[in-house]
Amino acid sequence: MKTNKLFNLPSCAMFMAVVLFYSITGTGCRKNMQAEDAVLKDKSKNGLLLGREFNLVPDAQGYLVIDNSNNYYQPGDVLNLVGNFASINFTNLSGSSAAPITIRNGSAGATTIGNPSWNGGSWAEGMIFHNCHYIKLGGRNSKSDFVINGSTQPLREAYFDLVLRNHTDNFEIANLTINNGGTGIWAKTDPVLTDTASWYPNSYMNNLRIHDITISGTQNESMYIGHTATYWNLTTNQPKYDTLFTPGQFYVQPIKWYNVKIYNNYVTGSGADGIQTSAIDLLEVYNNEVTNWALQHNYAHNGGILIGGRTTNTNTHDNYVHDGWGEMCQFYGAGGGYHIIHNNLFRDNQAQNSGVGMRGDNNAIVQITNNTIARSGGPLLRINGYTGQTGAQIVNANAFIQPLTGGGVIYPSAYIYLENGGAVTEGTGANANTRFTTVAAANVDVNNYYLPNPGSPMGASGYRKIP
């Protein structure tokens, strides 16, 4: 997994009077801000009066930078982004649990953010939040209302479309579209020597919701949620992924997210992983469609949905992952909590990649139930105990259909492949798994989510589409 260092934006103070005294900070040129005091009725709060409404526009270069250290913007306020922005930077912006700050497009039309021409240098983010809390971000009515267009240039790998960093949490992202760039959504906090709250377990980032968005064409991951580094070397300020520590140097672990839900999203055309998660306790990934991922053909970054290291209490269900290059689902999670992979349709990848790959640690046990895993280049389910996932995985009522499309003789191990101490307990009776050498033998409707046709020998096993 890659860890990227973001550019830190400088700011200087500027002031503007519109009926009341407003203050924001900018970089370089004066910002054009139209502010309107208004009473906002939030229907989710049963019509309670919550705050004011502001229209914010870019400066002459397309930038908007706001540092809310003076707490001018208050819980319940609504910030309307009006026009086309090259880059937006928010710092120290906080609502409350009862009255989050809403950031959305203006009433007259869609908002676009980002710089497709970026090819290195500063302003390497479409939209970035530093130390912001209780925020609702996205379009008023649909994904097309709020669009982030990232770099399409040769150096686009270093461009970030939407960034949540430096303890930003209690955040909802909905109704937006992200195109191109390097990484689509990047949400984590790097440890800092002078900030002990950034050292696990001194704090958590709480409550993240990502739903009803489309991400397409990123060079790296479409979503990079949670820190992938097992440790962080504060002496050298670099990530570390093993336990071979250098004497005299100072190591900590990055803080985790707590309570993350990722749902109802469409993710396509990513160069690396589609939805990547790590370092999260209480994670639910559901009702997402992921397709055409891992276009870099890099075996180290090739998961359609990735449940990464240091995750606990995870539930991955009702997703549709199909027609990509790499593994359709990867699991690297930790023991000490529950893990569920239930009622997903994983079908059609390439090369010798497995369908679902297990590489967890600390004796993680996963309940793998009622999934349809079909047409993988390699084995359909591969369980590798080399990092400590050696307990018996619970594998019930799955439909395993046509392994080894990349070539080879279909032995029994092509359906469930065990290595380095990996083990399973398979269900019996109504919980029995089914195995088919071809799609035709399974007698499923390939145009309707591989649901069994009348008379199919799948029985009750496998995925069922929930309306």
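When P(r) over Cα pairs in 10 Å bins from 0, in percent is computed from the coordinates, the matching label among (i) 4, 14, 14, 8, 10, 12, 10, 5, 3, 6, 7, 6, 2, 0, 0; (ii) 4, 20, 29, 23, 15, 7, 2, 0; (iii) 5, 22, 32, 26, 12, 3, 0, 0 is (ii). Size descriptors for segment 53-165: radius of gyration and Dmax over Cα atoms are 13.8, 44 Å.
What is the gain in length, in nm to one decimal, between ALA351 and ASN119 on full extension, counting 0.36 nm per residue of separation less the C-alpha to C-alpha distance? Don't skip to the answer; put the middle values down first.
Details: separation 232, 0.36 × 232 = 83.52 nm, distance 3.21 nm.
My answer for the length gained is 80.3 nm.
Ranking THR311, THR112 by solvent-accessible area of protein heavy atoms (1.4 Å probe, all protein chains present), from largest to smallest, gives THR112, THR311. Per residue, the chain exposes 38 Å² of solvent-accessible protein surface, assessed with a 1.4 angstrom probe and all protein chains in place.
For an R0 of 41 angstrom, estimate the FRET efficiency from the Cβ-Cβ distance between ALA60 and TYR263 and round to the nearest 0.05. Each step should come with its number before you reach the end.
Working: r = 39 Å, r/R0 = 0.96.
So, using R0 = 41 Å, E works out to roughly 0.55.
On the beta carbon distance between HIS297 and TYR338, with R0 = 35 Å, the FRET formula returns roughly 0.55. The order of the peptides 387-398, 216-227 by mean Cβ neighbours within 10 Å, most packed first, is 216-227, 387-398. Taking only protein heavy atoms and a 1.4 Å probe, the accessible area of the chain is 51% carbon and sulfur. Legend: calculated FRET efficiency, ASN453 to ASN70, from the Cβ-Cβ distance at R0 = 51 Å, rounded to 0.05, equals 0.20. For the peptides 256-266, 176-186, the ranking by mean Cβ contacts within 10 Å, running from highest to lowest, is 176-186, 256-266. Measuring against 20 Å, Cα to Cα, the residue pairs LYS136/LYS465; LYS143/LYS256; LYS188/LYS240 contain LYS136/LYS465; LYS143/LYS256 as the ones spanning a longer distance.
Taking K and R as +1 and D and E as -1, what net charge do the other residues with C-beta under 13 Å from the C-beta of ILE341 add up to?
That works out to -3.
As a length-normalised measure over Cα pairs under 8 Å and 6 or more apart, the relative contact order of segment 183-261 settles at 44 percent. Modelled spin-label separation between ASN420 and GLN249, with each label point placed 7 Å from Cα along the Cα-to-Cβ direction: 2.3 nm.
Solvent-accessible surface (1.4 Å probe) assigned to ARG140 amounts to roughly 80 Å². In this Cβ point-charge picture (+1 for Lys and Arg, -1 for Asp and Glu), segment 336-467 has a dipole of about 180 debye about its Cα centre. Peptides 55-64, 237-246 ranked from most to least packed give 55-64, 237-246, packing being the mean of other C-beta atoms within 10 angstrom over each peptide's residues. Database remark: amide H of TRP123 closer than 5 angstrom to no amide H (H placed geometrically; neighbours at sequence offset of 5 or more, or on other chains; Pro and chain starts carry no H).
The values are calculated or read from the model by the stated rules, or taken from the named source; none is laboratory data. Values in this document were obtained by computation on a predicted structure and should not be read as measured data. Heads up, the Cβs are rebuilt from the backbone with ideal geometry, glycines too, and the neighbour counts pull from every protein chain shown. Ligands, DNA and RNA are stripped out before the accessible areas are found, and what is left, the full protein with its side chains, is counted by its heavy atoms. Shrake-Rupley method; radii C 1.70, N 1.55, O 1.52, S 1.80 Å.
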